[in-house]
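Participant: Provided herewith is a single structure, encoded as structure tokens, for subsequent inquiry.
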Amino acid sequence: QQAYGQANGQYAGNAYAGVNYGEATVLNDENGQPVKNSFGMKITFSILEILCCCGCNLLTMIMGIIGCVFTSKANSAYKSGDVQEYKRNSKSATICLWIGFAIALVWLVFSIIFSVLYSNDIEDAFMEGYNEAAGVSDDYDTDDFMGDSGDEEYDTDDFLADDSEDTEDAKTAAPLDVTAGDAFDSGDITVNGILVQLPMSYSDFKALGFSIDSEDEEYVSNKNEYYYPTFYDAQGNELGEVYIGNVTDDPQTLADGTVFGFSFTSMDYNDDLEILLPNGLTKDAVNDDFMTAYGEPDYEYESDTGDYQSYQWYSHSDTYEDMDENSISVTFYDGELSDLELMYIGWD
């Protein structure tokens, strides 16, 4: 009598152990060793060769397609348990993929060498083909082209000669009538015909017709601080930057500050600006004119190429050391006055 719950003989043992559901099929070779299915890796490389070389390297693309076919066949043989069929197709897929890879490398090297050696010829050939397709001809008559714009004739030599004469006129402009001096000691400057005597209050400066933006007027500065906002004439033309400082002990807005200097940059391009210094110096002054007016500079610099010079003169005091707040600095590019900075706070 069999006890209840005891396994029946026909169900005992490993009758259900022959198949492990949920586990991948493992194929063994003739020696009983497991054979690894490399389907995932090979199908990936097959697709890469097809996609990466499509349109530019047909041989590699073809090898990728063949490799993809053999890889699929090998995978089917693996699942059906046919070891020999699997090995044969897997080997064929491997050979095709390596051949495609080698062709791709050779093609890449050849392309790089070809592009380096013949890039200009390729560009010229492309442009020639493009022009032909667009109906544009490189062979046109310059005379006909000029004739389309009229029968006017001019002499190139005369044109160049006129240009040279204008250049010479600019270089040989009448020298300035500069008053000789030996120091910088005045904060007077005439801007667009208006005399400004530094230092002065911003309210007096504004009464002369100059101004800064309203937002800048409300900016608060502390003791001994100064700022240099852009300033404008009565017509709203931008002229340069104005130095406004706080000479009191308490914070104050720039509108209540003291104007003590100017900075003009790229003066040769600012047609809205005219300046005049007491010694007769203007925008047309050259470095020798400033030497005549102020004597030898306290600081000078010239570039190695000689196209850039910078000079600075201080207003000297027997009591105090030289400082930038009492000085004038000028910069020249190619012999023309480009930048000028004038600051005169005084010694009180």
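The values are calculated or read from the model by the stated rules, or taken from the named source; none is laboratory data. Note that this is a predicted model, so its numbers are computed, not measured. With ideal geometry, Cβ positions are generated from the backbone for all residues, glycine too; neighbour counts draw on all protein chains shown.
Participant: Residue under question is Ala293, and the condition is that it be surrounded by 21 or more Cβ atoms within 10 Å (Cβ to Cβ), under 39 Å from the mean Cα position of the chain (by Cα) and small (Gly, Ala, Ser); does it hold?
Facilitator: no
Participant: Do you know which of the residues in the stretch 253-275 that are polar (S, T, N, Q) and part of a loop (DSSP other than H, G, I, E, B) is surrounded by the most Cβ atoms within 10 Å (Cβ to Cβ)?
Facilitator: Across the stretch 253-275, the extreme among qualifying residues is Asn270.
Participant: For Leu281, are the conditions met, namely being part of a loop (DSSP other than H, G, I, E, B), aliphatic (A, V, I, L, M), farther than 22 Å from Ser315 by Cα and touching a Leu at 6+ places or on another chain (Cβ under 9 Å)?
Facilitator: no
Participant: While we're here: How many residues are among the basic types (Lys, Arg) and crowded, with 16+ Cβ neighbours inside 10 Å if we restrict to the stretch 32-77?
Facilitator: 2
Participant: Let me ask you something else. Within the stretch 328-348, take every residue that is assigned to a strand (DSSP E or B) and of a type in the set (Asp, Glu) and give me the one that is nearest to the chain's Cα centre (by Cα).
Facilitator: Asp339
Residue-by-condition table, conditions (1) over 19 Å from Lys283 (Cβ atoms); (2) at pLDDT below 90:
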{"position": "Asp169", "(1), (2)": "no, yes"}
{"position": "Ala180", "(1), (2)": "yes, no"}
{"position": "Ile194", "(1), (2)": "no, no"}
{"position": "Ala207", "(1), (2)": "yes, no"}
{"position": "Asp213", "(1), (2)": "yes, no"}
{"position": "Thr253", "(1), (2)": "yes, no"}
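Participant: Residues being modelled with pLDDT under 80 and among the small types (Gly, Ala, Ser): count how many of those fall in the stretch 76-132.
Facilitator: Qualifying residue count, the stretch 76-132: 4.
Participant: Of all residues being within 17 Å of Leu198 (Cβ to Cβ) and among the polar types (S, T, N, Q) in the stretch 313-346, which is surrounded by the most Cβ atoms within 10 Å (Cβ to Cβ)? Just the residue, please.
Facilitator: Asn326
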